[in-house]
Amino acid sequence: GNVQAGGFVALPPPPPVADDEQAVKNFVQAQIEYYFSVENLCKDIFFRTQMDPDGFVPLTLLAGFNRIKTVTTDLDLVRTAIDKSEKVELNEARTHARKRSDWATWLFPTPEVVQQQQCDALKSE
């Protein structure tokens, strides 16, 4: 079970119950898909600076984000969640993840024009 380390303020309960592995996987999958969404990438410059030239970010980075680590610190669970995703994929070594389709658009620094079009398209919806 989860043991609270002394001295830390207990976090509010995370969305899924940690014992419900399926719920945790679904939450992790949705959260990671959000990190790679156009909506998030338009504003999350830090996340984009972490991408390698092939658009991959380390799983350890994703797993270290608060929204993920409050529900799980198990990288295998994170991998399994990404395996089910149609929007995010793992590299062959299963150590990094990237946006499945237009990842090249978001490399940093990126072709600003394309990216600006996507961000503008969001605003006009």
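The values are calculated or read from the model by the stated rules, or taken from the named source; none is laboratory data. Owing to the predicted nature of the structure, the values given are computational and were not obtained by experimental measurement. As a convention, Cβ positions derive from the backbone with ideal geometry for all residues, glycine included, and neighbour counts pool all protein chains shown. Heavy atoms of the whole protein, side chains included, go into the accessibility calculation; ligands, DNA and RNA do not. Shrake-Rupley method; radii C 1.70, N 1.55, O 1.52, S 1.80 Å.
Please go through the stretch 46-74 and give me each residue that is outside any helix (DSSP H, G or I), open to solvent by 40 Å² or more (accessible area, probe 1.4 Å) and either of a type in the set (Gly, Ala, Ser) or in contact (Cβ under 8 Å) with a residue 40 or more places away in the chain (or both), ordered by number. Listed by number, the residues that qualify are Asp52, Pro53, Asp54, Thr70.
Within the stretch 75-95, the residues that satisfy the criterion of being in contact with a strand residue (DSSP E or B) (Cβ under 8 Å, 6 or more places away or on another chain), without any contact (Cβ under 8 Å) to a residue 24 or more places away in the chain and within 19 Å of Gln22 (Cβ to Cβ) are Arg79, Asp83. Residues that are more than 20 Å from Phe27 (Cβ to Cβ), open to solvent by 30 Å² or more (accessible area, probe 1.4 Å), in a helix (DSSP H, G or I) and not hydrophobic (A, V, I, L, M, F, W, C): does the stretch 92-103 have at least one? No: zero hits. Here the stretch 109-125 is the region considered, the condition is being among the polar types (S, T, N, Q), at pLDDT 75 or above and within 16 Å of Ile45 (Cα to Cα), and the residue that is least open to solvent (accessible area, probe 1.4 Å) is Gln118.
Within the stretch 32-45, being farther than 11 Å from Val88 by Cα and in a helix (DSSP H, G or I) holds for Val38, Glu39, Asn40, Leu41, Cys42, Lys43, Ile45. Do we have any residue at all in the stretch 75-86 that's at pLDDT 95 or above and in a strand (DSSP E or B)? No, the conditions are met nowhere in the stretch 75-86.
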